[in-house]
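**Student:** I'd like to ask you about the structure that follows.
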Amino acid sequence: MNKTLFNILLFFRLLSTCCYAAYAQNGCGLPAVVNYTKFDYHGGSQNWGIGQDKHGVMYFANNDGLLSYDGSHWKLYPLPNSTVIWSLAVSDDGKIYVGGQDEIGYFAPGSNGVLTYTSLKNNIPEQHKKFADIWHIAIMGSRVFFQGDDRIFEYNGKSIRVHLSNAQWFFMARAGDHIYAVDRVAGLLQFDNNQWAPVPDGKKIAGMLTAGIVSMGKDSVFIVSRTNGIFLLHNNSISLQPNNLPGHLYINGAAKVNDAELMVASSAGGALVVDIRNKTWQTFSNDQGLQNNNALSVFKDASGNLWTGLNSGISYINYNSAIRYLQVGKTNNLPGYSASIFNNRLYVATSNGLYSALLTDNKNIHVTQDDFALVKNTDNREAWNLAVINGHLLLGSDNGSYDVQGNEARLLSGDAGSWYFLPLSSVFPVQDIIVGTYYGLKRLRYEDNHFSDEGKIEGTPDSYRFMALDSNGDIWASHPYRGIYRVSLSQDKKKYAFHLYTSNDGLPSTLNNFVFKIKNQVLFATSGGLYEFNTSTNKFFLSRFLSSVFGRMKIRYLMEDKEGNIWFCGEKGTGVVHFSSTDTTRAPQVTYFPELAGQLLPKFENIYAYNPENVFIGSEKGLIHLNYQRYTSAKQPVAVRLGMVKTTSKSDSTIFGGYQDAYLAASASGSGKHLLELPSAYNAFHFEYSSPVYDFQQSITYSYQLEGYDPDWSSWDSKTEKDYTNLPNGKYTFRVKARDYQHNESTVVSYSFIIKAPWYKTIWAMLCYMAIAAGLVLLVRKYLKHKLLIQQQKFEDEQKKLKYIHHLELEKNEKEIIKLQNEKLAQEVLLKKKELANTSMHLMEKADTLTKIKEKVSRLNTDANPDNNIKSITDLIKDAEKINANWDVFAAHFDELNDDFLNKLKKQYPQLTNSDLKVCAYIKLNLSTKEIAQLLNITVRGVEVSRYRIRKKMNLPTEQSLSTFFNQI
């Protein structure tokens, strides 16, 4: 939704036609006008009727349907047949009755607080169901009247009664406790005793087109015709009221403002507020800020402010506001630098000179733009400042100082522009006045009831715009860019000396310092708060004066009024500190004026508090008139309204439309009967809220909290919408409150709802999850057990494999050991064999020795030298003995190699001789018979005989081989 286009109009100009110029407008200046276009409310251009419910929500009969506005949000409710709505009326029970083309019915809150339309056509008698347009609606108690051209429908809540016209119904309205209607032939009728009865003297308005019937006071009814003026019905007599409306206007509607004023809507002149008693009117047209001059309907809301439905758009007139805007002079947009009421005149210093307006009543001031005239000798120059001194009005302008008398100004001192007039005494009459000028200080002398120019005071020239006199007679002057001057005048006041103070002397900054005299003490408004000067330390220090109010606020302007209140302009806005005149111990109260934000003239702020009812504030475009007394006493309490709750899933869905207080109360209490439960998919919410206070809507701030989600209240903000997304399931309560600029808070409005848990979070889902979890636990347990068994099996297999490998390693090692042992044994066997072979060689040598002995013996018989032969034989015999010793070695080696063969054989066959054992050993060695014969030194036959003898001793059969037998032992 687009933001509302606020057009606070600060310039107003009255219509220049002679008819309008003849009448004075009511009040000092004009109220602000706020315009709403069709692009703001997204509806049709024309608005035919206006109403308001008890919550302050505004309703408009629009071309496209029913418009509602709560101060922040517009909503459009079209009729089922999309027809235009010509008329509407709001009942006490909150129903909005509407009439359109061939349609009557009402809008009422549905079960979810959304306005829902109910047609009443089915309640109309069959013969009267076809009709044209319904132009007006009036409500009296439980009865609702719908007026068409040829009939009036009376609805009693159940059925509809039809009242046909004598000729044609022109108009119908409620005025006071009666329902009135105008018939083209019968004139004015009154509904009484369930029938339409003629009003005495009612035929006076027969055939007269009527725009409104308004009750004024206890027994007066005003009848507003479209083209024939205003008539008064009083004591059964109807009379035309003279000179109360311009005759050329065509009136479309009328509404009561108060017992003295009524408002009318015209086709070409905009809206007019008519003062019945004074025969004057106040115009609101295009020149005064309305969007256009074709007003179709008018309405006064509960706050006393005015609405007008236009041919194109809607305008809000802040008529009951204590703030009004006063344009000065014929030239538009003249800034107001200073104002003063003097000798029954209102003077305003502007950029084009000094203007004045004659006042008829200094208390109830009524001034318009046309009342101002330019004061002679001040035109085309900046008029800066006004001051009343010694019963004279002094003007400081771009051309110098003036004494203003009536509508003429007399030059007192020229040559330099004058900023400020500072009296050097508080005793009347003041003789010496110091003038701060563009180029230094001047002095005015007052004698014999007039002022004289004493010329320039000698000293360092500078621009002195802000000045104040302290109790020691020193003058303090501030310069916005250089610092603060302390000026000391000479005894004859013809010279001055000064000292410049900067941030080195305790000021928070050298820039933007201003000096004022408040409560008889000199205060310095700085960028860091209010400061004072300590004469003993020659330094500035932070003042305790109103420190609880201003603190470190940047102050640009201070002014003390006659009642001791302090008006100020600071970074937080414009306001006043009010001191109680009856209770001095009471803390001062601060009132801000947020409506003035951005409208004052920067660097040239000026406030002139003539009295509590008339405070004039200089602005960029003239003056702002503030009725302070009315402003502080007429404030309505701030309220907050929850206008919509919308949730989104695949599509948006409005779950609460802003109506039904009982529903909200039940929702806020958390009553399960009324608590809305939503599926989990609807977890995004959009909240709209507002405060239907239209006269200071821009100063309302809001704070909210979604209980169940937000830990605390939000900070105050002017936003009127809040969105939440991705909310988890649970119970929530959205709470919102409003606060005005005085920090007055509204009551809290709450809305509770529940987001259901998604299917996967329900109790059945939880049970399923538990079952699944239990099954998973069992499966996991089984799986782990199986895995453990597999691991155990794998471990056992691994152990077996390791054992097998270990066994193989052992076997390998054993085989290696055996191999080594075998190799060792083989080496030993080889050695034994070598020894055995050696022994065998010795045996063979023995045999040779014996053979040689034989030969020697045989040669003894033939040899000539026998002694040498005997000696040789003896040596051979010794060698043979050695050889016999070798047999024992051979036998020992042989047994080691052959598992103790000889010993075993000897034990088994003791009958064997040593010679037999030798033969057996040789046979065991697989020696041939011939080889044995040589070793034994016998013949081959002898060996065979030895073999036979051995076989016989061993009882071996013939077929038994000795070699085989010996291998088995």
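**Student:** Scan around Ser87 for amide H atoms under 5 Å from its own, H built in the peptide plane at 1.01 Å from N, and keep only partners 5 or more places away or cross-chain.
**Tutor:** Gly99
**Student:** Which FRET efficiency value, to the nearest 0.05, do you get for Lys330 and Asn278 by plugging their Cβ-Cβ distance into 1/(1 + (r/R0)^6) with R0 = 22 Å?
**Tutor:** After rounding, the FRET efficiency stands at 0.30.
**Student:** Applying the Karplus parametrisation 6.51 cos²θ - 1.76 cosθ + 1.60 with θ = phi - 60° to the phi angles of the stretch 391-407, what ³J(HN,Hα) value in whole Hz is obtained for each residue in order, glycine and proline being reported as x?
**Tutor:** x, 10, 9, 9, 10, x, 9, 5, 9, x, 10, 10, 9, 8, 10, x, 9
**Student:** Report, to the nearest 10°, how far helix 940-953 tilts away from the longest principal axis of the Cα atoms in the chain, using its own Cα long axis and a range of 0 to 90°.
**Tutor:** Between the helix axis and the principal axis of the chain, the angle is about 70 degrees.
**Student:** Sticking with this structure for a sec: Once you keep just the Cα pairs under 8 angstrom separated by 6 or more residues, what percentage relative contact order results for the chain?
**Tutor:** 7 percent
**Student:** Give me the one-decimal nm value for the distance between modelled label points at Asn122 and Leu825, 7 Å along each residue's Cα-to-Cβ direction.
**Tutor:** Placing both labels 7 Å along Cα→Cβ, they lie 12.3 nm apart.
**Student:** Give, in nm to one decimal, the length gained when the segment between Trp759 and Ala771 is fully stretched (0.36 nm per residue of separation minus the Cα-Cα distance).
**Tutor:** My answer for the length gained is 2.7 nm.
**Student:** Still on this structure, I have one more. Using the Karplus equation 6.51 cos²θ - 1.76 cosθ + 1.60 (θ = phi - 60°), what ³J(HN,Hα) coupling, rounded to whole Hz, does each residue of the stretch 120-129 give in order, writing x for Gly and Pro?
**Tutor:** Residue by residue, the stretch 120-129 yields 9, 5, 5, 7, 7, x, 4, 6, 10, 6 Hz.
**Student:** Moving on to the next point. So for the pair Asn193, Val388, with labels modelled 7 Å out along Cα→Cβ, what separation do we get in nm?
**Tutor:** If labels sit at Asn193 and Val388, their model points lie 6.5 nm apart.
**Student:** What residues have an amide H closer than 5 Å to that of Phe342, excluding those fewer than 5 places away on the same chain, when H is modeled at 1.01 Å from N in the peptide plane?
**Tutor:** Close amide H contacts, sequence-distant or interchain: Tyr347.
**Student:** I would also like to ask the following. Assuming R0 = 35 Å, what is the FRET efficiency of Thr502 and His686, from their Cβ-Cβ distance, to the nearest 0.05?
**Tutor:** Efficiency for this residue pair is about 0.05.
**Student:** Could I have the simple spin-label model distance between Asn286 and Ala587, label points 7 Å from Cα toward Cβ, reported in nm to one decimal?
**Tutor:** 5.3 nm
**Student:** Compute the long axis of helix 866-897 from its Cα atoms, compare it with the longest principal axis of the Cα atoms of the chain, and write down the angle in degrees, 0 to 90, nearest 10.
**Tutor:** 40 degrees
**Student:** Quick one: dipole size for the stretch 465-548, taken about the Cα centre, charges +1 on Lys/Arg Cβ and -1 on Asp/Glu Cβ, in debye to the nearest 20.
**Tutor:** Approximately 180 debye in magnitude.
**Student:** Rounded to whole Å, give me the distance from the Cα center of the stretch 734-797 to that of the stretch 101-164.
**Tutor:** The stretch 734-797 and the stretch 101-164 have Cα centres separated by 55 Å.
**Student:** Would you pull out the residues with amide H under 5 Å of Glu103's amide H, same chain only if 5 or more places away, H placed 1.01 Å from N?
**Tutor:** Ile134
**Student:** Can I ask one more? Pick the calculated Rg/Rh (Cα atoms, Kirkwood Rh) for this structure from (i) 1.65; (ii) 1.13; (iii) 1.03?
**Tutor:** So the structure-derived entry is (i).
**Student:** Under the 0.36 nm per residue contour assumption, what length would be gained going from the current alpha-carbon distance of Asp899 and Ser718 to full extension?
**Tutor:** Taking 0.36 nm per residue and subtracting the Cα distance, the gain is 53.0 nm.
**Student:** Using alpha carbon centroids, what distance separates the stretch 243-320 and the stretch 342-418, in Å?
**Tutor:** Distance between centres, Cα-based: 34 Å.
**Student:** Please tell me which of these pairs span more than 28 angstrom C-alpha to C-alpha: Lys815/Lys918; Lys519/Lys554; Lys572/Lys719; Lys300/Lys330?
**Tutor:** Long pairs (Cα-Cα over 28 Å): Lys815/Lys918; Lys300/Lys330.
**Student:** With θ set to phi - 60°, apply the Karplus curve 6.51 cos²θ - 1.76 cosθ + 1.60 along the stretch 558-564 and write out the HN-Hα couplings as whole Hz, x wherever there is a Gly or Pro.
**Tutor:** Running phi through 6.51 cos²θ - 1.76 cosθ + 1.60 with θ = phi - 60° gives 9, 8, 9, 8, 5, 8, x Hz.
**Student:** How much FRET efficiency would the formula 1/(1 + (r/R0)^6) give for Ala302 and Asn112, where r is the Cβ-Cβ distance and R0 is 22 Å, rounded to 0.05?
**Tutor:** Given R0 = 22 Å and the Cβ-Cβ separation, E is 0.25.
**Student:** Separate question: Could you work out how far helix 763-860 tilts from the main Cα principal axis of the chain, as a 0 to 90 degree angle to the nearest 10?
**Tutor:** 20 degrees
**Student:** For each of His55, His806, His893, count neighbouring Cβ atoms within 10 Å of the residue's Cβ, then give the residues from fewest to most.
**Tutor:** His806, His55, His893
Taken together, the values in this text are just the output of simple stated rules run on the coordinates, not laboratory data. Only a predicted model underlies this, so the values are computations on that prediction, with no experimental measurement involved. In this analysis, Cβ positions are derived from the backbone assuming ideal geometry, glycine residues included, and neighbour counts consider all displayed protein chains.
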